[in-house]
Structures are given as C-alpha cells and as structure tokens.
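Single-structure report; data block below.
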Amino acid sequence: MKILFSFAYQTVGIMAQDTREHILEISLLLFLQKSYKAVTLSEIVKTTGMSKGAFYHYFDSKQELFEEVVKFYFGDVLDIQFTSYNQDSLKGFYEDFLLHNRKQLNIFEKVNPSKSDDAHINHYFLLFDAITQFPYFRRMFNEHNKQELSVWKSVIAHAKETGEIKSEVSDENIARMFMYMGDGNAIHSIFLNRKTSEIKKFIGGLKTIWDELYELLKNEKE
C-alpha cells in the first residue's frame, strides 16, 4: 500500500510539473505573438484549455505568470557559460559564440511554430517589460553583460599576447566593438525584415562583419 501511495504521489508530481510547463509554454507563445500587454489572462486560461480554478492553482496573477515565463524563456540566455567557448583564439571564440546564437534561434523556431512576423520584435518587448517590472532581472541582465565583456576582454588580451591580432586599441574597446555590433545587427535585421524565417540570416551577416573586423585587427600595422 505504501509503495502504491508513493507511486501515485510521484505521478501527481510529474503531472503537476507538466501542467505548469504547459501553461508557461502557451503563455510564452501568446506573448511572442501579441506582446505581454496585449494578451489577457482570460485568453491565456482559455488557450491552455484549463478551468480558471485549475489555472489559479499554479499562478495567482498575470504578472506572476509573466515573471515565471521570463525565467523560463530567458533563463538559458542569461546563464550562458562563456567559458565553455574556445578561448585559445579570438576567431575560435566568436565562431563558438555564433554557433550558440544559431542554436538559440533554432530553439526559438520550435517555441514559435506559428512563425508570427511580430514574434522576434515581441522578444525584445518582453525583455524590456521584464527589465522594467522586475528590478532583479535588470541586475541579472547587467551581470550577464559584465560577464560577457570580461570574457571577451580576456580572449582579446590572449590574442594580442600570442600575436594573433595586432592593435593598439584597448582590449575593452575591441570587446565592445564585437558586442555592440552583435546587438546592433540583430535589432537592425529585425526592423528591416520582419519575416521570422529571414531573421536567421542575421547570423551570417554578423559573421561577415566580425570576420572583417578580425582581419583588420590581425593585419593592423604597428
């Protein structure tokens, strides 16, 4: 009897976890299609196929749900282990960086099966809403940027020491060039071409830009 009870308890726990993730996935999809502000809690409840009572068993409000969606969606993005990238060379590092971004876009494609044209734009809206509503998320985002900048600087310093690149520009400024080019190219691509299927091309465009910057740094005359 005790074994049966234990099994039943574990089964209920698994079902509860699956139900909670189902709500998060549906909510994320709706937010990406319409934006956080445009989606109503009633719409979320209806789309999940659950009763209000069942829904409120997991979340008390739309804001609480949004906070969990943010953690669910952006958690991996803010937990990137940059140290796992190739740090033996600058070129190897940024190629690993691009490979990770390509994988992230593949995940996005799976999360957004509707291929909504507004989804990538709403991705940034969700990020801005999260930073505005949750101060701790802004701190997490800032820490993420500091960590990224630190790793870029370390890789660039090593590239100078080994003679891979030759430049009198400071390590930090070179690091910011790579980072800001990545951010700017992504946003530029989104606003120029809103078709989700075309956004992935920005990875190729960014590689071209980074390759050219790398060649300038590698061949710069002392």
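Observations
- Theoretical gain in end-to-end length, Arg20 to Ile209 [0.36 nm per residue, Cα-Cα removed]: 63.9 nm
- Per-residue ³J(HN,Hα) for the range 51-56, Karplus 6.51 cos²θ - 1.76 cosθ + 1.60, θ = phi - 60°, Hz, x for Gly and Pro: 7, 4, x, 5, 5, 5
- Out-of-range pairs (alpha-carbon distance over 25 Å; input Lys103/Lys207; Lys91/Lys146; Lys62/Lys146; Lys37/Lys207): Lys62/Lys146; Lys37/Lys207
Computed from the coordinates by the stated procedures, all read-outs in this text should not be read as laboratory data. Everything quoted here is computed from the prediction, not taken from an experiment.
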